[in-house]
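Below is one structure, written out as structure tokens, with a few remarks after it.
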Amino acid sequence: MSKINLYNETKFIMKKYNIEANKKLGQNFLINENVVDKIVDSAEISKDDLVIEIGPGLGTLTSKILEKAGKVICIELDNRMINILKDRFSLYNNIEIIHEDVLKVDIKDLIKKEKEKNNIKYAKIVANLPYYITTPIIMKLLEDELDIESITIMIQKEVAQRICANPGSNLSGAITYGIHYYTIPYSIMEVDKSSFIPEPEVQSEVIRLDILKNKNLQVKDADFMFKIIKAAFMQRRKTLINALINGNIIDNKEKLENILEKLDIDKNIRGEKLTLEQFAQLSDKLCN
Ligand code: SAM
């Protein structure tokens, strides 16, 4: 189907169900067939897979995923979309539609149950994410340490660049470190605003995160390390020492200076310049 056909189909469904996109829910519907195909191909879906789709909307990606996956679980917050999805996919027996805020769903439990009862070997996440909660969704998926292989998502280009940046480089942010701790990130393709209706205000990018089953980095307390990283980036223009004192991570400046000296890190360094390994070393020393 060409770009114009997917545009027509989307318009047709919206008219049939009297749907206006809800900006507050980040509703920008994909109308570019090439992008849909690229997302689904990049996710490398097979009949052995359970695919969890976040925010299926009108079901554009869903219909392609359904052709390839063993089972599809869609999680959608907007009641209007639930009705459309139920109508549209009523003849499929390998789809489950959950009407809920994805941040409230116990995805770990969903995967466990599916693996127990179905012929499912692997679980994968695929989504054109609502941009207003991109970071909380990604961090939830990672911090819950789900039993999944990969996350293939469309997000804002700016966030994608942060995610795929090397920790310690100019583009990195607190999220960069979380991503590199849990995954190997890949940029798949940039996507122009014209691939959606309505057009979003920002450019987009598809990325894939391959989950590290054995982490490259060992750290005594990962939660504490991420607290340090968040504090460092809350005040990224300040020195690491000042940011950690202001962020109530430590109150003894001298102790922190001694630790940095032992780790061979300049005491005037800004947190944004540290590598993930250096944050891990610092975190382990502060835990002692
Ligand atoms: N997958 C569709 C597509 O590609 O055309 C729609 C993608 S649209 C960018 C994001 C979707 O996420 C919308 O359908 C929206 O209603 C849904 N959504 C927004 N917030 C959500 C939340 N907290 N939990 C689940 N779905 C949500």
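So what is the relative contact order for segment 153-198, in percent, with contacts set as C-alpha pairs under 8 Å and at least six apart? Let's see the in-between values first.
Working: 28 pairs, mean separation 13.2, N = 46.
So the answer I get is 29 percent.
At 1.4 Å probe size, what's the solvent-accessible area of residue 37? Round to the nearest 10 Å².
Probe radius 1.4 Å; accessible area of residue 37 about 50 Å².
Could you check the simple spin-label distance between residue 194 and residue 252, using points 7 Å along Cα→Cβ, in nm with one decimal?
Once both label points are built, they end up 6.2 nm from each other.
Roughly how many Å is it from the Cα centre of segment 93-113 to that of segment 253-288, as a whole number?
40
Taking every pair of distinct Cα atoms and averaging 1/r, then inverting, what Kirkwood hydrodynamic radius in Å comes out for segment 1-74?
When all Cα pairs of segment 1-74 are included, the Kirkwood radius is 13.1 Å.
If ligands, DNA and RNA are left out, what is the accessible area of residue 145 with a 1.4 Å probe, given in Å² to the nearest 10?
My reading of the accessible area for residue 145 is about 90 Å².
In deg cm²/dmol, rounded to 500, what helix-only [θ] at 222 nm does the chain give when every DSSP H run of at least 4 residues adds -39500 (n - 2.57) and the total is split over its residues?
About -12500 deg cm²/dmol.
Tell me, what is the FRET efficiency for residue 268 and residue 44 to the nearest 0.05, using R0 = 41 angstrom and their Cβ-Cβ distance as r?
Given R0 = 41 Å and the Cβ-Cβ separation, E is 0.35.
How much accessible area per residue does the chain have, counting only protein heavy atoms and a probe of 1.4 Å, in square angstrom?
49
Apply the Debye scattering formula to segment 3-211, with a single equal point scatterer on each alpha-carbon and no solvent, then give log10 I(q)/I(0) at q = 0.09, 0.11, 0.19 Å⁻¹.
-0.32, -0.48, -1.53
Report P(r) for segment 222-287: all Cα-Cα distances, bin width 10 Å, range 0 to the bin holding the largest distance, values in whole percent.
Cα pair-distance distribution for segment 222-287, in percent: 24, 66, 9.
Give the carbon-plus-sulfur fraction of the accessible surface of the chain in %, rounded to a whole number; probe 1.4 Å, heavy atoms of protein chains only.
Its accessible area is 45 percent carbon and sulfur atoms.
The values are calculated or read from the model by the stated rules, or taken from the named source; none is laboratory data. All figures in this text were calculated on a predicted structure; none of them were measured in a lab. FYI the Cβ positions are ideal-geometry reconstructions off the backbone, even for glycines, and counts take in every protein chain you see. Heads up: the accessible areas ignore ligands, DNA and RNA and are worked out on the full protein's heavy atoms, side chains in. Shrake-Rupley method; radii C 1.70, N 1.55, O 1.52, S 1.80 Å.
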